[in-house]
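Peer 1: Here's a structure for you.
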2 protein chains.
Amino acid sequence: MGRYSKEQMKGFFSPRNVAVVGASENNQWFRNIIKNAAEAGFEGALYPVNPRGGEVCGIRACRGVEELPEGVIDLAVIIVKSSLVLETIEKLRKKGVTNVLLVTSGFAEMGDEGVAAQVELKRYCLEQGIVLMGPNCLGFVHPTEKGSIFGGSAFEAKPFPGSVGIIAQSGATSEVIATKILRKSLGISLYVTTGNEALVGAEDCMEYLVHDGHTRVITGFIEEFRDIEKLKTVAREAAGKKIPIIILKIGRSEKGKKAASSHTGALAGNTRIADGLFRQFGIIQVETIEELVETAAIFSRCNIPEGKGVGICTASGGISGLYADLCDTCGIDVPPLQEKTRKTLAALLPQFAQPDNPLDVTGSGFLRGLNRILQVMVDDDHFDLIVTLSIPPHGDDDSFASAVNDSFMPLLKTAKKPIVPFTFRELTDYGREYYLSRECYFVEHPSIGFKALAHLIGYGEFLRKRKFQSETGLME
Amino acid sequence: MGRYSKEQMKGFFSPRNVAVVGASENNQWFRNIIKNAAEAGFEGALYPVNPRGGEVCGIRACRGVEELPEGVIDLAVIIVKSSLVLETIEKLRKKGVTNVLLVTSGFAEMGDEGVAAQVELKRYCLEQGIVLMGPNCLGFVHPTEKGSIFGGSAFEAKPFPGSVGIIAQSGATSEVIATKILRKSLGISLYVTTGNEALVGAEDCMEYLVHDGHTRVITGFIEEFRDIEKLKTVAREAAGKKIPIIILKIGRSEKGKKAASSHTGALAGNTRIADGLFRQFGIIQVETIEELVETAAIFSRCNIPEGKGVGICTASGGISGLYADLCDTCGIDVPPLQEKTRKTLAALLPQFAQPDNPLDVTGSGFLRGLNRILQVMVDDDHFDLIVTLSIPPHGDDDSFASAVNDSFMPLLKTAKKPIVPFTFRELTDYGREYYLSRECYFVEHPSIGFKALAHLIGYGEFLRKRKFQSETGLME
């Protein structure tokens with residue numbers, strides 16, 4: 001089971017001395033690697049290899065792999081053209097290098113000839129015990145270990161260490177995803193692009209993340225899982241540690257499958273079989289980048305609720321009706337108020353208000369201090385998570401937003417159940433920063449936010465079911 | 001059929017002299033009416049009525065309805081408490097006022113007693129030929145006629161005259177919707193909140209919009225249609241003028257229905273019957289505010305495509321696969337490239353590219369000028385609408401965004417088929433303004449944008465089917 005152990009992957013993802021074969025001033029990938037390593041605080045050394053020798057981007061270069069120091073290189077990055085890849089790996093093997101990150105493309109994604117070349121590569125690396133990542137990938141950013149070796153250039157946020165792991169078989173796309181996750185979640189543990197996966201697979205990276213001691217949420221942008229048995233094992237281990245695995249699997253449609261195949265050579269497989277497998281092992285499946293980002297964010301910032309009841313506070317009957325409909329669509333349970341809650345709220349709210357769930361707190365309830373109303377909702381045993389409307393401020397002097405938010409924002413940190421603010425009004429850059437700087441999960445688009453909520457609640461249900469099965473001996 | 005004619009509604013929505021009964025310095029609604037009227041450039045006069053007389057907010061007040069000038073008042077707004085409403089209307093009737101906007105709440109939304117009071121109101125107004133809007137509503141903003149009489153305060157964008165009509169049975173919620181529509185669409189013709197609809201219904205307002213000479217798109221945030229026959233007639237007239245009607249109907253779920261009932265007294269009715277009716281009459285149904293706003297925006301800014309084929313340009317295999325899947329989910333047709341297109345693209349793109357639809361233009365295609373590639377896609381007879389990736393700029397000096405966008409942005413105005421940019425990267429306030437200032441529809445979230453696209457295409461199909469039925473005598 002499993003091609004590479006988590007110890008091998010740890011070694012791969014934490015190199016000190018890294019050779020880059022095919023490095024040149026004009027090579028965009030190499031320039032990106034230098035820049036990304038510096039930004040990540042990489043403390044190791046880069047060894048460019050270029051037949052002309054001299055200096056490349058200010059670093060002394062070796063003329064060939066033969067000139068690399070013996071027994072020192074922890075990882076070699078290969079960016080030479082595809083016809084030279086195999087012989088480069090052979091030379092590296094002779095120098096004792098067993099970790100290879102192959103950026104070069106032109107293999108299984110390029111038709112029969114490419115497939116054959118990839119088979120040959122794979123055979124050699126397996127024989128020689130080489131850990132091969134790629135071909136057709138960009139490498140990894142590993143903020144928790146300052147070990148970033150990454151050839152991409154589309155990151156728009158500084159990767160800071162945190163709890164979200166990101167595994168992608170796609171390059172450019174996943175940089176955008178990773179940026180969006182960084183903007184909404186609590187930092188990343190590892191971001192890795194695995195490309196064609198001749199050998200190292202998403203499953204190997206996932207196993208590493210389950211055990212790295214930092215990751216609390218695993219996300220994947222996946223065209224194909226190639227090692228289903230390992231996936232099952234890793235999913236079981238993740239569930240044991242209450243680490244959710246969130247997967248956006250492309251190639252669900254025939255057209256999508258075809259695109260995936262010409263992209264990383266993936267055979268996207270049978271969608272229904274994958275769906276069943278994911279359900280059984282508690283793997284959360286999402287359908288869009290937005291849903292992936294929201295779901296990662298809510299898991300990284302909110303506790304998993306202890307039951308499935310959701311209490312909702314809005315300041316309008318229209319929104320109450322709309323949210324009730326959305327919860328119905330997403331399979332979210334919106335139970336009635338407990339009788340004592342109804343009475344307490346009736347005393348707190350204006351006479352014309354009719355306390356119910358969803359609760360229209362009315363304009364005056366909204367402005368007179370949501371904290372008391374929210375506390376009453378938190379104290380209701382029917383609810384395990386509370387949704388509240390919140391007004392995203394437009395600036396420091398936004399008195400309307402302050403009137404609404406100031407009373408309840410502190411409660412988000414202290415309440416014994418998760419409280420999720422749904423923004424109601426235009427959200428600007430300032431408003432986004434307002435919530436993020438308070439380390440607070442917030443929903444901009446209810447149609448996406450309720451899906452994320454449903455995943456959070458559903459994962460709690462999965463864990464409870466699993467615990468019950470384990471305690472009663474029903475677990476496989 | 002139909003309670004009020006479009007001529008009556010035109011009179012109602014275009015008053016010159018407006019009495020406000022119950023106006024006082026402390027009344028938030030009255031202060032909002034003054035502020036909103038000024039902002040909209042209202043050129044008529046306000047006549048506050050307050051038992052204390054004197055001045056209210058700097059305007060000379062009448063002590064009672066009796067003191068209002070004879071035969072001058074075009075519209076009376078009522079904000080007195082509910083128990084005084086009927087006698088106020090009777091007094092107004094005696095002064096010849098037949099247009100009444102009833103802001104006061106506490107009627108059908110408040111249980112049996114409120115229902116009875118509303119029935120009484122309705123009977124009297126019907127008898128007396130009074131056009132009654134409300135109770136429990138906020139009025140209207142009518143930028144195309146500078147006739148805004150609106151008691152709300154949550155607008156966050158200056159309403160400017162344009163082509164989108166907005167009808168809402170909800171108050172506060174719809175201000176947020178209207179703001180979002182104003183931010184993405186080409187201005188509004190009329191925004192009206194109809195509240196409990198004792199008499200004037202969404203159908204009456206819709207009929208006015210179909211014939212006002214400004215409206216090109218009608219949107220509705222609706223709990224219940226109360227006059228199905230008029231709805232059918234108006235939908236037929238709208239289709240004849242190619243004006244789409246986009247409806248977000250709340251109360252689809254049991255919970256949502258209950259919330260709607262305590263909100264505006266609506267009986268949300270049978271969801272399946274409504275769905276069938278909407279389909280038959282080409283009414284576009286959306287499920288979320290986000291989808292409503294996106295759909296209104298795409299109709300206000302893009303031409304209806306002449307067929308259903310969509311060509312997609314991305315710069316990544318991952319996104320190609322993902323978009324293909326999303327199109328499949330939304331029922332969007334992504335036909336293959338014509339053979340001549342494939343050949344032309346193969347010559348334009350790097351050797352390793354494999355032209356297909358979705359088309360991965362590859363990194364170099366992306367940076368070398370998308371205009372030629374997009375023109376080839378536009379020229380392909382298989383396609384009626386083109387989707388392209390675009391990079392939202394972060395500032396004036398964003399060279400990466402410029403490299404991608406500059407070549408093709410002018411094509412959006414001149415191409416003979418709609419081209420829709422999908423933003424790929426973080427979208428900031430600056431980026432939003434970049435597209436809006438170019439009067440260009442853009443998609444931020446593909447999961448929502450593809451739904452809007454599907455509605456645009458679906459409406460084109462509906463119109464063509466309707467034309468065929470009409471030409472062959474198959475139309476009812």
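Peer 1: Can you give the helix-only mean residue ellipticity at 222 nm for chain A, where every DSSP H stretch with n ≥ 4 adds -39500 (n - 2.57) and the sum goes over all residues, rounded to the nearest 500 deg cm²/dmol?
Peer 2: Taken over chain A, the calculation gives -13000 deg cm²/dmol.
Peer 1: Quick one: what are the phi-derived ³J(HN,Hα) couplings along the range A:350-357, Karplus 6.51/-1.76/1.60 with θ = phi - 60°, whole Hz, x for glycine and proline?
Peer 2: Per-residue couplings from phi come out as x, 4, 6, 6, 10, x, 7, 10 Hz.
Peer 1: Run through the DSSP bridge list for the protein assembly as shown and note the antiparallel percent, rounded to the nearest 5.
Peer 2: Antiparallel: roughly 15 percent of the beta bridges in the protein assembly as shown.
Peer 1: Past 22 Å, Cα to Cα: identify those pairs from B:Lys6/B:Lys467; B:Lys308/B:Lys451; A:Lys184/A:Lys232; A:Lys122/A:Lys249, in the order given.
Peer 2: B:Lys6/B:Lys467; A:Lys184/A:Lys232; A:Lys122/A:Lys249
Peer 1: With a 1.4 Å probe and every protein chain left in place, tell me how much accessible area A:Val72 has, in Å² to the nearest 10.
Peer 2: Its heavy atoms expose roughly 50 Å² to the probe.
Peer 1: A further question follows. Hey, which residue of A has the C-beta nearest the axis mapping A onto B, and what's the distance in Å?
Peer 2: Result for the axis mapping A onto B: A:Asp429, 2.
Peer 1: When we measure straight from the Cα of A:Lys258, which aspartates and glutamates land under 17 angstrom away, once same-chain ones fewer than 8 places off are left out?
Peer 2: Correct list for A:Lys258: A:Glu109, A:Asp112, A:Glu223, A:Glu224, B:Asp325, B:Asp328, B:Asp333, B:Asp356, B:Asp360.
Peer 1: Can you give the direction-averaged projected area of the convex hull of the alpha-carbon atoms in the range B:157-228, in nm²?
Peer 2: Over all viewing directions, the range B:157-228 projects a mean Cα-hull area of 4.5 nm².
Peer 1: Right, here's the next one. So for the range B:271-387, considering every pair of alpha-carbon atoms, how many percent are separated by more than 19 Å?
Peer 2: Of the Cα pairs, 55 percent sit more than 19 Å apart.
Peer 1: Suppose R0 equals 60 Å; then what is the FRET efficiency for A:Glu237 and B:Glu66 from their Cβ-Cβ distance, rounded to the nearest 0.05?
Peer 2: 0.15
Peer 1: Amide H of A:Phe408 versus every other amide H placed in the peptide plane: which residues, excluding those fewer than 5 positions away on the same chain, fall under 5 Å?
Peer 2: Under 5 Å from the amide H of A:Phe408: A:Leu370, A:Asn371.
Peer 1: Once Lys and Arg get +1 and Asp and Glu get -1 on their Cβ, which of A:Thr194, A:Ser470, A:Gly54 lies farthest toward the positive end of the dipole of chain A?
Peer 2: A:Ser470
Peer 1: For every other residue with a beta carbon closer than 10 angstrom to the beta carbon of B:Thr329, add +1 if it is Lys or Arg and -1 if Asp or Glu, then tell me the sum.
Peer 2: -1
Peer 1: Ok, one more. Suppose each label sits 7 Å from its Cα in the direction of the beta carbon; what would the B:Lys146-A:Glu306 distance come out to in nanometres?
Peer 2: 6.3 nm
Peer 1: Once each part is reduced to its C-alpha centroid, what is the distance from the range A:36-102 to the range B:32-57 in angstrom?
Peer 2: 77 Å
Peer 1: Label-to-label distances across copies for A:Leu84, with labels 7 Å out along Cα→Cβ, in nm, shortest first?
Peer 2: The answer, with the shortest distance listed first, is 9.0 nm.
Peer 1: Using modelled backbone amide H atoms (1.01 Å from N, in-plane), which distant-in-sequence or interchain residues come within less than 5 Å of A:Asp333's amide H?
Peer 2: For A:Asp333, whose amide H was placed from the backbone, the distant partners under 5 Å are A:Val310.
Peer 1: What is the distance in Å between the Cα centres of the range A:290-356 and the range B:398-476?
Peer 2: Here the two parts' Cα centres lie 35 Å apart.
Peer 1: So, one more: Quick one: grab Rg to one decimal and Dmax as a whole number for the range B:50-150, Cα atoms only, in Å.
Peer 2: 14.1, 40
Peer 1: Taking the range A:282-337 on its own, what percent of its Cα-Cα pair distances exceed 16 Å?
Peer 2: Within the range A:282-337, distances greater than 16 Å cover 59 percent of Cα pairs.
Peer 1: How far apart, in nm, are two points set 7 Å out from the Cα along the Cα-to-Cβ line at A:Asp396 and at B:Lys416?
Peer 2: With each label placed 7 Å out from Cα toward Cβ, I get 5.7 nm.
Peer 1: Defining a contact as two alpha carbons under 8 Å apart and six or more residues distant in sequence, what relative contact order in percent does chain A show?
Peer 2: Reported as a whole number, the value is 11 percent.
Peer 1: Semi-axes of the equivalent ellipsoid for chain A, please: Cα gyration tensor eigenvalues, times 5, square-rooted, ordered largest first, whole Å.
Peer 2: 48, 24, 18
Peer 1: Whole number in Å², please: accessible area per residue of the range B:361-476, 1.4 Å probe, ligands, DNA and RNA not counted.
Peer 2: Heavy-atom accessible area per residue stands at 42 Å².
Peer 1: What does the charge count near A:Val80 come to, summing +1 for each Lys or Arg and -1 for each Asp or Glu among other residues with Cβ under 12 Å from its Cβ?
Peer 2: Computed value for this residue: +1.
Peer 1: Same structure again: State in Å² the accessible area per residue of the range B:172-296; use a 1.4 Å probe, count heavy atoms of protein chains only, and round to the nearest integer.
Peer 2: 29 Å²
Peer 1: Would you mind calculating the gained length between B:Asn371 and B:Ser14 on full extension (0.36 nm times residue separation, minus the Cα-Cα distance), in nm to one decimal?
Peer 2: 123.9 nm
Peer 1: Roughly how large, in nm² to one decimal, is the mean projection of the convex hull of the alpha-carbon atoms in the range B:211-261?
Peer 2: 4.0 nm²
Peer 1: Oh, and also: For the range A:360-476, list log₁₀ I(q)/I(0) at each q in 0.12, 0.18 Å⁻¹, using the Debye formula over Cα point scatterers of equal strength and ignoring solvent, two decimals each.
Peer 2: Once normalised to I(0) and log-transformed, intensities are -0.51, -0.96.
Peer 1: On to the next question. Give me the accessible area buried between chains B and A, both sides summed, with a 1.4 Å probe, in Å² rounded to the nearest 100.
Peer 2: 4400 Å²
Peer 1: According to a simple spin-label model (label point 7 Å from Cα along Cα-to-Cβ), what is the distance in nm between B:Ile59 and B:Asp406?
Peer 2: Distance between the two pseudo-spin positions: 5.3 nm.
Peer 1: I'd like the projected area of the protein assembly as shown, averaged over all directions, using the convex hull of its alpha carbons. Report it in nm² with one decimal.
Peer 2: 41.0 nm²
Peer 1: Here's another thing I want to ask about it. Kindly work out what percent of the DSSP beta bridges joining two residues of the range B:214-335 are antiparallel, to the nearest 5.
Peer 2: Within the range B:214-335, antiparallel bridges account for around 0 percent of the total.
Peer 1: Right, something else. By how many degrees, 0 to 90 and rounded to 10, does the Cα axis of helix A:271-280 deviate from the longest principal axis of chain A?
Peer 2: Helix A:271-280 sits roughly 60 degrees off the main axis of chain A.
Peer 1: Can you give the three extents of the C-alpha atoms in the range A:1-71 along their principal axes, from longest to shortest, in whole Å?
Peer 2: 43, 29, 19
Peer 1: State the Kirkwood hydrodynamic radius of the range A:188-239 in Å, one decimal place, computed from all pairs of distinct Cα atoms.
Peer 2: 11.4 Å
Peer 1: Averaging the inverse of every distinct alpha carbon separation and then flipping it gives the Kirkwood radius. What is it for the range B:143-189, in angstrom units?
Peer 2: Kirkwood hydrodynamic radius for the range B:143-189: 10.8 Å.
Peer 1: Buried by at least 10 Å² relative to the chain on its own: which residues of the range A:206-221 qualify, computing accessible area with a 1.4 Å probe on protein heavy atoms?
Peer 2: When all protein chains are present, A:Phe221 each give up 10 Å² or more of accessible surface.
Peer 1: Something else now. Counting only heavy atoms of the protein chains, get the accessible area per residue of the range B:1-116 (1.4 Å probe) and round it to a whole Å² value.
Peer 2: 48 Å²
Peer 1: A follow-up question, please. How far, in nm to one decimal, is B:Lys242 from itself in the other copies if the label point is set 7 angstrom along Cα toward Cβ? Shortest first, please.
Peer 2: Those separations, rounded to one decimal, come out as 5.9 nm.
Peer 1: Taking the DSSP beta bridges in chain B as the whole, what percent of them are antiparallel, to the nearest 5?
Peer 2: Here the antiparallel bridges make up roughly 15 percent for chain B.
Peer 1: How far is B:Arg279 from itself in the other copies, in nm, if each label sits 7 Å out from Cα along the Cα-Cβ line, shortest first?
Peer 2: 2.5
Peer 1: Report, to the nearest whole %, how much of the accessible area of the protein assembly as shown belongs to carbon and sulfur atoms, 1.4 Å probe, protein only.
Peer 2: The value for the protein assembly as shown is 50 percent carbon and sulfur by accessible area.
Peer 1: Ordered by residue, what ³J(HN,Hα) values in Hz, to whole numbers, does the range B:91-98 give under the Karplus form 6.51 cos²θ - 1.76 cosθ + 1.60, where θ = phi - 60° and Gly and Pro are x?
Peer 2: Taking θ as phi minus 60°, the curve returns 5, 4, 4, 5, 8, x, 7, 10 Hz for the range B:91-98.
Peer 1: Same structure, new question: Mind checking the log10 I(q)/I(0) for the range B:333-414 at q = 0.12, 0.15, 0.24 Å⁻¹? Debye, one equal scatterer per Cα, no solvent, two decimals.
Peer 2: -0.35, -0.54, -1.21
Peer 1: Can you check what the Kirkwood hydrodynamic radius comes to for the range A:314-373, Cα pairs only, in Å to one decimal?
Peer 2: 12.0 Å
Peer 1: Quick check: net charge around A:Arg301, other residues with Cβ under 12 Å of its Cβ, Lys/Arg +1 and Asp/Glu -1?
Peer 2: +2
The values are calculated or read from the model by the stated rules, or taken from the named source; none is laboratory data. Because the structure is a prediction, the values reported are computed rather than measured. Here Cβ is always computed from backbone atoms with ideal geometry, including for glycine, and neighbour counts include all displayed protein chains. Protein only, heavy atoms only, side chains kept; ligands, DNA and RNA dropped before computing areas. Shrake-Rupley method; radii C 1.70, N 1.55, O 1.52, S 1.80 Å.
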